[in-house]
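Novice: I have a structure here, written as structure tokens, and I will follow up with some questions on it.
The values are calculated or read from the model by the stated rules, or taken from the named source; none is laboratory data. Small disclaimer: the values here were computed from a predicted structure and weren't measured. Glycine also receives a Cβ, built like all others from the backbone with ideal geometry; neighbour counts cover every protein chain displayed.
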Amino acid sequence: MTERSTTDTTDTTRYYTSTLVSLPERAVALVLAGGRGTRLRTGADPELHRTPKVLVPIDTSTGRTPMLGHALAQLATIGFRRIAVLTSTDPATGSDAVEAYALTHSARQVQLTLHREDHPLGTAGAAYAALADLPDTPVGVVVPADTLFPTALLPSAVAEHRSRRAAVTWTVTTAPGHSAQNAGRLFLDPDGEFVVHALEGVDATLPAHSRQGLRQATSTGAVILTPTLFRAQFEEYARRLARPAEADLYRQFMPWAISQGHPVGAYDIRTPAPDLGTPDRLTAFGRTSNGDQPCSPTTQH
């Protein structure tokens, strides 16, 4: 004789639930595409001298594609329906070609906007200016076009960011690989939830006694912003300047925020995210011998 369960179906459906980790509606990706490519142009390859930095092609699973095209495709795949491409007036960045490429190669389901700075703003200033044109977005994600960031991790990173009361969350890695640039320049609290020291671009070291209990990490480029909080903090930062000037997100704004006691969250992706900003790194991680397989950030050596 078969016994019948006395468990109410309603109780079952209430208990066995989960939360779908996805991007919030109207989230926007802010793609940094205004770099000059000065380091890339030190290479002997003529293509690196004549091509705007973010339009330099890399090998992907779908064939050779410009860095920017790869970033746009990856962001659309994980659910971004709004993408803002941030460009520069500097002729060396090739902004006309970059903007034309973005407009003709973004996915159909994506609302693409272009934001060209009138004068050099720096990465933090450019993000601030772009978000002013996107007042209805609940979250912005800054993504460098020249970094092989594992974008599938961004929805989880955004969810973690929104669970905190921080204007900014810096994505980091505690497993950067042996040849990562600027490795170990960030220090996290013992729980790994916040950045407590940032030495990006600073010729300094943290004394050994100050490191006790801290986790050492490396920047992976992507930064998550809560627009209202970020804009308020950036305005506070700008008021302290003698005059308006370029503001770098990684080397100036976030270290300043930490120094002022503003929480800067940390999200550890635990895998490499190599940047492609030099000829050697482009060859190692963006180019392959057979030209038809992508270099995986998880196999950086």
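Novice: Conditions first: (1) surrounded by fewer than 18 Cβ atoms within 10 Å (Cβ to Cβ); (2) in contact with a helix residue (DSSP H, G or I) (Cβ under 8 Å, 6 or more places away or on another chain); (3) among the small types (Gly, Ala, Ser); (4) farther than 22 Å from residue 286 by Cβ. Residue 97 passes all but one, so which condition is the exception?
Specialist: Condition (4) is where residue 97 drops out.
Novice: To continue, here is another question. What is the residue count in segment 160-181 for residues that are touching a Leu at 6+ places or on another chain (Cβ under 9 Å) and buried (at least 16 other Cβ atoms within 10 Å of the Cβ)?
Specialist: Within segment 160-181, residues that are touching a Leu at 6+ places or on another chain (Cβ under 9 Å) and buried (at least 16 other Cβ atoms within 10 Å of the Cβ) number 9.
Novice: Still on this structure: Within segment 89-116, which residues are in contact with a Ser or Thr (Cβ under 6 Å, 6 or more places away or on another chain) and within 23 Å of residue 253 (Cα to Cα)?
Specialist: Of everything in segment 89-116, just one residue is in contact with a Ser or Thr (Cβ under 6 Å, 6 or more places away or on another chain) and within 23 Å of residue 253 (Cα to Cα), namely 116.
Novice: Count, please, the residues in segment 185-237 that happen to be farther than 30 Å from residue 26 by Cβ and either of a type in the set (Phe, Trp, Tyr) or surrounded by fewer than 12 Cβ atoms within 10 Å (Cβ to Cβ) (or both).
Specialist: 12
Novice: If residue 290 passes every condition in (1) at pLDDT below 95; (2) surrounded by 15 or more Cβ atoms within 10 Å (Cβ to Cβ); (3) not hydroxyl-bearing (Ser, Thr, Tyr) but one, which one does it miss?
Specialist: (2)
Novice: Output the residues belonging to segment 6-35 that are polar (S, T, N, Q) and farther than 30 Å from residue 68 by Cβ.
Specialist: If the condition is that a residue be polar (S, T, N, Q) and farther than 30 Å from residue 68 by Cβ, then 6, 7, 9, 10, 12, 13, 17, 18, 19 are the ones that fit.
Novice: So, in segment 144-156, exactly how many residues are surrounded by 24 or more Cβ atoms within 10 Å (Cβ to Cβ) and aliphatic (A, V, I, L, M)?
Specialist: 3
Novice: Within segment 68-94, which residues are crowded, with 19+ Cβ neighbours inside 10 Å and small (Gly, Ala, Ser)?
Specialist: Passing the criteria: 69, 71, 76, 84, 88, 94.
Novice: Would you mind finding the one in 274, 297 that is touching a Leu at 6+ places or on another chain (Cβ under 6 Å), surrounded by fewer than 21 Cβ atoms within 10 Å (Cβ to Cβ), closer than 24 Å to residue 149 by Cβ and modelled with pLDDT under 95?
Specialist: 297 is the lone residue from the list that is touching a Leu at 6+ places or on another chain (Cβ under 6 Å), surrounded by fewer than 21 Cβ atoms within 10 Å (Cβ to Cβ), closer than 24 Å to residue 149 by Cβ and modelled with pLDDT under 95.
Novice: I'm trying to understand the selection: among the residues of segment 36-71, which are touching a strand residue (DSSP E or B) at 6+ places or on another chain (Cβ under 6 Å) and among the charged types (D, E, K, R)?
Specialist: Within segment 36-71, just 64 meets the criteria.
Novice: Only residues that are over 28 Å from residue 39 (Cα atoms), touching a residue at least 40 places away in the same chain (Cβ under 8 Å) and assigned to a loop (DSSP other than H, G, I, E, B): list them for segment 146-164, please.
Specialist: Correct list: 164 only.
Novice: Still on this structure: Answer yes or no as to whether residue 261 is farther than 30 Å from residue 61 by Cβ, modelled with pLDDT of 95 or more and not in a loop (DSSP other than H, G, I, E, B).
Specialist: No.
Novice: Need a quick list: strands (runs of 3 or more DSSP E) entirely within segment 165-241 having at least 3 residues that are under 16 Å from residue 275 (Cα atoms).
Specialist: 168-173, 215-225
Novice: Same structure, new question: Given the criterion out of contact with any Ser or Thr (no Cβ under 8 Å at 6 or more places or on another chain), free of Cβ contacts under 8 Å to residues at least 24 places away in the same chain and exposed (fewer than 15 other Cβ atoms within 10 Å of the Cβ), identify the matching residue among 12, 65.
Specialist: Every option except 12 fails the conditions.
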